[in-house]
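Q: Just passing along the structure, written as structure tokens.
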Amino acid sequence: MSWIDNLLRRSRLRGLVEGPVQRARVETHDADAKDNAERWQDYGFAAHPADGQGLVLNVMGHTIVLRMDRLGERPELQSYEVAVWHKEGHMVKLKAGRVVEVTCDKYVVNTKEYSVSASTSASFNTPVVNASQDIVAVSSVKGQAVSATSSLKVANKEVGGHHHGNVQNGLGNTGDF
């Protein structure tokens, strides 16, 4: 093996330790292992895959992990797709057609304000929508009727169990609220 062969090698990476610069044990083959190899990451991107496979650079006795992956869990992507993924299968995927696809069991957003601007439509395909406080309609509801199983207020008036007194029988109506 020449000196150039030792410069850049595929290796097993084990025991990743978190810190300002992550460090791991690099195992290229049984006779060649090194502890505390540095693993640098780009600003804004962080991962802690624990163990995996990667490319290491050996220069003058100093070992640096260039890339680290977990090939067993890595998702297969279409050309030009990009994904942030986890070994359990949940991911955020950037797809062709300007589509962002999120796959997960629970989606949590913690923010002071959340806004959706959809120029065509917004759909919720779910059996239940919950809100911890009031839902306020900014404009009118069009299309299908709105239904409620327990209570519904319109113009601040309770609709369920709402009665008008002094109504005469006949073809007349009680008027708008």
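Q: For the chain, what does -39500 (n - 2.57) per DSSP helix run (n ≥ 4), summed and divided by total residues, give at 222 nm, in deg cm²/dmol to the nearest 500? Spell out each step's value before the answer.
A: On the way: 1 runs with 5 residues, N = 177.
Rounded to the nearest 500, the figure is -500 deg cm²/dmol.
Q: Now for a separate question. Give me the lysines in straight-line cross-link reach of Lys87: C-alpha distance below 16 Å, same-chain residues under 8 apart excluded.
A: Cross-link targets: Lys106.
Q: Beta carbons within 10 angstrom, averaged per residue: use that to sort the peptides 70-80, 116-126, 97-107, 45-55, highest first. Before the final figure, lay out each step's value.
A: Values: 70-80: 10.1, 116-126: 5.5, 97-107: 8.5, 45-55: 14.5.
Packing proxy ranking, top to bottom: 45-55, 70-80, 97-107, 116-126.
Q: How long is the gain from Val99 to Ser117 if the chain were fully straight, where each residue apart is worth 0.36 nm and the alpha carbon distance is subtracted?
A: Numbers: separation 18, 0.36 × 18 = 6.48 nm, distance 1.53 nm.
Gain on stretching Val99 to Ser117: 4.9 nm.
Q: Looking at (i) -0.47, -1.02, -1.51; (ii) -0.82, -1.20, -1.41; (iii) -0.58, -1.13, -1.53, which value of log10 I(q)/I(0) by the Debye sum over Cα atoms at q = 0.12, 0.17, 0.20 Å⁻¹ comes from a calculation on the structure shown?
A: Correct label, based on the coordinates given: (ii).
Q: Under the definition of Cα pairs under 8 Å and six or more residues apart, what whole-number percent is the relative contact order of the stretch 3-69?
A: Contact order relative to length: 34 percent.
Q: Quick one: what are the phi-derived ³J(HN,Hα) couplings along the stretch 119-131, Karplus 6.51/-1.76/1.60 with θ = phi - 60°, whole Hz, x for glycine and proline?
A: Running phi through 6.51 cos²θ - 1.76 cosθ + 1.60 with θ = phi - 60° gives 6, 10, 6, 9, 10, 10, 9, 8, x, 9, 10, 10, 9 Hz.
Taken together, the values in this text are just the output of simple stated rules run on the coordinates, not laboratory data. Source: prediction; values computed, not measured. Please note: Cβ atoms are built from the backbone with ideal geometry, for glycine as well, and neighbour counts cover all protein chains shown.
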